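**Q** Below you'll find the structure I mean.
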Amino acid sequence: MIEFRNVYSSYGNYIVHEDISFKIEKSEIVAIVGGSGAGKSTLVKLMLFLLKPKSGEIFFDSQKIDYNDEKKIQRIRDRIGVVFQFNALFNSITSVENVMYPVLKKTSLSKDIAFKNAVVKLNMVGFKNIWAYPGELSGGMKKKVALARALALEPDILILDEPTSGLDPISADEFDSLIKSIRDSLGTTVVMVTHDIASLKIVDRVLILYDKKLIFNGSPSLLKAQNHPWIQSFINGQRGHCYD
Amino acid sequence: MDLTKETIGGKVDISILIKEHTIDIKDVDKIDTFGAIFILELLEKYKDKKLVGKKEHIEFIQKVKELLKYNDEKTKKDTNLSVSLTFLEYIGILVYHGFKNIKDIEFESFLKEIENSGVGSLFILAVLSFLVGIVIAYQSARELISFGANIFIVNLIGISAFRELGPLITGIILAGRVSSGYTANIGIRNVYEELDAVEVMGISPYVVFGLPRIITLTFITPLLVLFSSNVMVLGGAIIAKTYLDIPFNMFFDRLREVVGFNQVFVGLIKAPFFGAYIGLVGTYFGFYSGKKPEDVTLNVMKSVVISISGIIVIDALFSIIFAKIGI
């Protein structure tokens, strides 16, 4: 579905990624893991085509991205739903209106259909209090609304930036299960940037970034066998024990 | 045929789907939530017809139907509970906290405010006051020439600048620049829980973020008014020289004669009230702006509008008082 081939990226003279290559298949759940400053968020920006690689190629559905073709890029972006780290919900409108928003903006569908779709998506993520304003919600609830909004247009790919950050362990577990059930029921490809080692239990594949390079690309079950010191620290550190 | 968000927006010919006794979606290849909602609406409209189609599509529509249930009980809009104190109560709280925590007031914060609100306002104040002086002098000069009363430009500019326009322009600029700044600064601190953090440390946020600003503005506004009035007169003097051939020395000699202490006093006595009012309004809307960024935006707007309106009202009140006592 998305393929990176020998991608180098940079901010000015500062190199962020060196020779990154990987492929994400349809309906996979892939986690992007790495320390602070490893370039995880930049990788997401590359996937959203908000940043152009310095060199290398990015493919979407086997078609090479042409950065000069803005319309085509926007058409691809319309197939991607994003849950931002801090949710980015509009506080001045209700939760259901937040989920209606992309449908009303991006399609010519009626307000009634947009509302019903929003109700379906909010129920799908287990959120009932549809008339509540985001300011009245807990962190976990806000995440659910943000997820429902990302799902509003039924994207092929769901990108989640630190989806469980700021959630208590129980809410984080619930959210992880929700992501898995959405993938299972809708067949959505999920890419999640995470620091949360516990979230790796739901993923099919892990991409680990370290020192500008992709140092691991494989199933989470293979992580323990890796000798790389950062991976060892990651899974054997205090926070890594929950993965045992 | 697909029933998706791309196809149902008025593009589906429902006559293909609606048969005599059924709604037939056997020929549908792909259906998404929007398509399922569309079919459910058709079923609602044609209650007597039965849905026929591929098993997985019917199951999907059934699933969407189950997910369409919602609680219609609307919650009240999130009212801004934080803005629960009246302006007068706020003044009372400031006085109380000021006396109670007087030791927490830092001298440096006054200096910082003199720099931010006072020195920082000088440039825009100078430019606008100068231009107002030029405009008034130029407009008046044309009339004065026709009456041969050129020298009275000094009276007109001098009295209006020191008595009315200097204080008013200063008040309006401070209301726009400083009041909004106070509201935004304190409001954002509120959003990021800095006010709570300060309070937890046992320090009154009113004393740290409110009082020094209000006190400083009260004391520096008269100086800014004096500055504005003088720059306005300078603008008038330049027009008087270039347009009415009144030399600078004659202009300023005459100015000393016609603008007495009374005129300057009238302008200056209003200034601390303007300053205090702007400071109070700016900080009030900052402290009680709520915890959401958009509340801060709204309160910045309120703060500017109420400050400017208030300045004009206070000015009018002073005019009435001065008229009564004959100054």
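**Q** Rg over Rh of chain B, using C-alpha atoms and the Kirkwood radius, what does it come to?
**A** Rounded to two decimals, Rg over Rh is 1.33.
**Q** Using the charge dipole of chain B (Lys, Arg: +1 at Cβ; Asp, Glu: -1 at Cβ; taken about the Cα centre), state which of B:SER146, B:VAL207, B:ALA184 has its Cα farthest towards the positive end.
**A** Value computed over the given set: B:SER146.
**Q** Continuing with this model, one more query. With 10 Å bins from zero, work out the P(r) of the protein assembly as shown over every alpha carbon pair and list the percent per bin.
**A** So the P(r) values, bin by bin, are 3, 13, 16, 16, 15, 14, 11, 8, 4, 1, 0.
**Q** In Å, what is the Rg of the alpha-carbon atoms in segment A:115-182, and how long is Dmax?
**A** That works out to 11.4, 32 Å for Rg and Dmax.
**Q** Relative to the longest principal axis of the C-alpha atoms of chain B, give the angle of the C-alpha long axis of helix B:55-67, reported between 0 and 90° and rounded to the nearest 10°.
**A** So the helix axis and the longest Cα principal axis differ by about 40 degrees.
**Q** So what is the orientation-averaged projected area of segment A:123-228, using the convex hull of its C-alpha atoms, in nm²?
**A** Convex hull of Cα atoms, orientation-averaged projection: 7.8 nm².
**Q** Which FRET efficiency value, to the nearest 0.05, is calculated for A:TYR8 and B:GLU193 with the Förster distance at 35 angstrom and r the Cβ-Cβ distance?
**A** 0.30
**Q** Just for the protein assembly as shown, what percent of DSSP beta bridges are antiparallel, to the closest 5?
**A** That works out to approximately 45 percent antiparallel.
**Q** Amide H neighbours of A:ILE29 under 5 Å, counting only residues 5+ apart in sequence or on other chains, H built in-plane at 1.01 Å?
**A** Sorted by chain and number, the residues that satisfy this are A:VAL190, A:ASP204, A:ARG205.
**Q** Quick one, what does Rg over Rh come out to for segment B:233-280 if you take C-alpha atoms and the Kirkwood Rh?
**A** Using Cα coordinates only, the ratio equals 1.19.
**Q** A follow-up question, please. Assign one of three labels to segment B:179-218, namely rounded, prolate or oblate, based on the Cα gyration tensor with a ≥ b ≥ c the square roots of its eigenvalues; rounded applies when a/c is under 1.5, prolate when it is not and a/b is larger than b/c, and oblate otherwise.
**A** Oblate shape, in that a/c is at least 1.5 and b/c is the bigger or equal ratio.
**Q** Where the convex hull is taken over the Cα atoms of chain A, what is its projected area averaged over directions, in nm²?
**A** Orientation-averaged projected area of the Cα hull: 13.5 nm².
**Q** Between A and B, buried accessible area summed over both sides at probe 1.4 Å, in Å² to the nearest 100?
**A** Chains A and B together bury roughly 2200 Å² of accessible area.
**Q** What average number of partner chain Cβ atoms lie no more than 10 Å from the Cβ of the residues making up A:109-120?
**A** Partner Cβ neighbours, averaged per residue: 6.
**Q** Next question. Given labels modelled 7 Å from the Cα in the Cβ direction, how far is it in nm from B:MET250 to B:PHE107?
**A** 5.1 nm
**Q** Please return the longest range in chain A lying between exposed loop sites, taking trypsin sites (Lys or Arg not before Pro), DSSP loop only, at most 15 other beta-carbon atoms within 10 Å, and leaving the sites out. Working shown, then result.
**A** Numbers: sites that count: A:LYS26, A:LYS54, A:ARG79, A:LYS128.
Value returned for the longest uninterrupted segment is A:129-244.
**Q** Something else about it: Go ahead and run the numbers for FRET between A:PHE22 and A:SER138, Cβ-Cβ distance against an R0 of 45 Å, rounding to 0.05. Before the final figure, lay out the partial values.
**A** Details: r = 35 Å, r/R0 = 0.78.
My answer for the efficiency is 0.80.
**Q** Check A:GLY56: other-chain or 5+ apart residues with amide H under 5 Å from its amide H, H built from backbone geometry?
**A** The list, which skips near neighbours in sequence, is A:TYR8.
**Q** Still on this structure, please answer the following. Kirkwood hydrodynamic radius, computed over distinct alpha-carbon pairs, for segment B:117-212: how many Å, to one decimal?
**A** Value: 16.5 Å, from the Cα pair sum.
**Q** Helix B:248-258 versus the longest principal axis of chain B: what is the Cα-based angle in degrees, 0 to 90, to the nearest 10?
**A** 90 degrees
**Q** Over chain A, what is the relative contact order in whole percent, taking alpha-carbon pairs under 8 Å and six or more residues apart?
**A** Normalised by residue count, the contact order of chain A is 25 percent.
**Q** Cross-link candidates for A:LYS224: which lysines have Cα within less than 18 Å, leaving aside residues fewer than 8 places away along the same chain?
**A** List returned: A:LYS201.
**Q** Cross-link list A:LYS106/B:LYS5; A:LYS180/A:LYS212; A:LYS26/A:LYS180; A:LYS26/A:LYS212; A:LYS40/A:LYS143; A:LYS26/A:LYS71: which exceed 18 angstrom alpha carbon to alpha carbon?
**A** Table pairs above 18 Å Cα-Cα are A:LYS180/A:LYS212; A:LYS26/A:LYS212; A:LYS40/A:LYS143; A:LYS26/A:LYS71.
**Q** On to the next question. Please tell me the relative contact order of segment A:54-127 in percent, rounded to the nearest whole number, where contacts are Cα pairs under 8 Å and at least six residues apart.
**A** Reported as a whole number, the value is 18 percent.
**Q** Further question: I'd like the orientation of helix A:169-186 relative to chain A: the angle between its Cα long axis and the longest Cα principal axis, in ° from 0 to 90, rounded to 10.
**A** That helix lies at roughly 80 degrees to the long axis.
**Q** Ok, one more. What distance in nm separates the simple spin-label points at A:ALA88 and B:LEU43, each placed 7 Å from Cα in the Cβ direction?
**A** 3.6 nm
**Q** Still on this model: What share of the DSSP beta bridges in chain A is antiparallel, in percent to the nearest 5? Display every interim value, and only then the final one.
**A** Numbers: 19 of 37 bridges.
Antiparallel bridges: around 50 percent, rounded to the nearest 5.
**Q** List the relative contact order of segment B:226-327 as a percent without decimals, with contacts defined as Cα pairs under 8 Å and 6+ residues apart.
**A** Numbers: 39 pairs, mean separation 23.4, N = 102.
Dividing the mean separation by the residue count of segment B:226-327 yields 23 percent.
**Q** Still on this structure, I have one more. Amide H to amide H under 5 Å from B:ILE18: which residues, 5+ apart in sequence or cross-chain, H placed 1.01 Å off N in plane?
**A** Amide H neighbours of B:ILE18: B:ASP24.
**Q** Per-residue Cβ counts within 10 Å, from other chains only, averaged over A:135-143: what number is that?
**A** On the way: counts 7, 3, 0, 0, 0, 0, 0, 0, 0.
Averaged over the peptide's residues, the number is 1.
The values are calculated or read from the model by the stated rules, or taken from the named source; none is laboratory data. These numbers were taken from a predicted model, which means no experiment stands behind them. FYI the Cβ positions are ideal-geometry reconstructions off the backbone, even for glycines, and counts take in every protein chain you see. Areas reflect the complete protein model, heavy atoms only, side chains present, ligands, DNA and RNA absent. Shrake-Rupley method; radii C 1.70, N 1.55, O 1.52, S 1.80 Å.
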